[in-house]
1. One residue is enough: does region 105-122 have a residue meeting the conditions in contact with a Lys or Arg (Cβ under 6 Å, 6 or more places away or on another chain), open to solvent by 70 Å² or more (accessible area, probe 1.4 Å) and among the acidic types (D, E)?
2. Do we find that V100 is in a helix (DSSP H, G or I), under 24 Å from R150 (Cβ atoms) and at pLDDT 95 or above in this structure?
3. Report, by residue number, each residue of region 70-93 that is out of contact with any helix residue (DSSP H, G or I) (no Cβ under 8 Å at 6 or more places or on another chain) and open to solvent by less than 10 Å² (accessible area, probe 1.4 Å).
4. What is the residue count in region 77-106 for residues that are touching a residue at least 60 places away in the same chain (Cβ under 8 Å) and over 17 Å from the mean Cα position of the chain (by Cα)?
5. Which of the numbered conditions does T152 fail, given that it passes all the others? Conditions: (1) crowded, with 20+ Cβ neighbours inside 10 Å; (2) among the hydroxyl-bearing types (S, T, Y); (3) more than 24 Å from Y85 (Cβ to Cβ).
6. Which numbered condition trips up L53, out of (1) assigned to a loop (DSSP other than H, G, I, E, B); (2) modelled with pLDDT of 95 or more?
7. What number of residues in region 90-120 are of a type in the set (V, I, T) and within 15 Å of F56 (Cα to Cα)?
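The values are calculated or read from the model by the stated rules, or taken from the named source; none is laboratory data. Every value quoted in this text rests on a predicted model; they were computed, and no experiment measured them. All Cβ positions, glycine included, derive from the backbone under ideal geometry; neighbour counts span all protein chains shown. Accessible surface is based on the protein model in full, side chains and every heavy atom, while ligands, DNA and RNA are left aside. Shrake-Rupley method; radii C 1.70, N 1.55, O 1.52, S 1.80 Å.
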Amino acid sequence: MNPTIRRLLLLGTLICLPAESVSFAAAATAATPPAVVQTVAEKNAEARARALLKEFYAVKLDKIWAAFTPDVKAQWGDLAGFTQYRQTGVEQFGAEKELVGEKTYMRGNVTYYVRSATFEKSPEIVWAVAFGFDQLGRISEFGITMEHDRSTDQVAFSAP
């Protein structure tokens, strides 16, 4: 299967998770936040993914590339190809503008972190960046996909 299609299928599956496996950062501001308990592996994945994302956003890709499994590296070809992919993303979408949510969960032997966010040049599109960490802490899954297009959302307007 084409690696890009495989990543999109994986991420489509990741985004459609049951609510009980979700830990949203936005819940911290809600009146009654849900009681979500993260495993140690989920907490570690969250902290590590956040740190790697800072470098990814800054186009400092050596650490993330070193953490990729050989299969993930093969999807990108080489570090130069991965760097070009990231630079194109910066040019097309800009910096992260709004954190919409974060979630961690486990499936089998992989611990996932998914960050949903909008970006400066397309604030109506919510993108999901996903990391899957294997038991050795390597990135065994990585991808970015559109999660939601807010431009078509219906909004209730109040009459003057």
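1. Yes; the residues of region 105-122 include at least one that is in contact with a Lys or Arg (Cβ under 6 Å, 6 or more places away or on another chain), open to solvent by 70 Å² or more (accessible area, probe 1.4 Å) and among the acidic types (D, E).
2. No; evaluated as a whole, the condition is false for this residue.
3. Of everything in region 70-93, just one residue is out of contact with any helix residue (DSSP H, G or I) (no Cβ under 8 Å at 6 or more places or on another chain) and open to solvent by less than 10 Å² (accessible area, probe 1.4 Å), namely V72.
4. Total meeting the criteria: 0.
5. Result: T152 passes all but (1).
6. Every listed condition holds for L53 apart from (1).
7. So the answer is 2.
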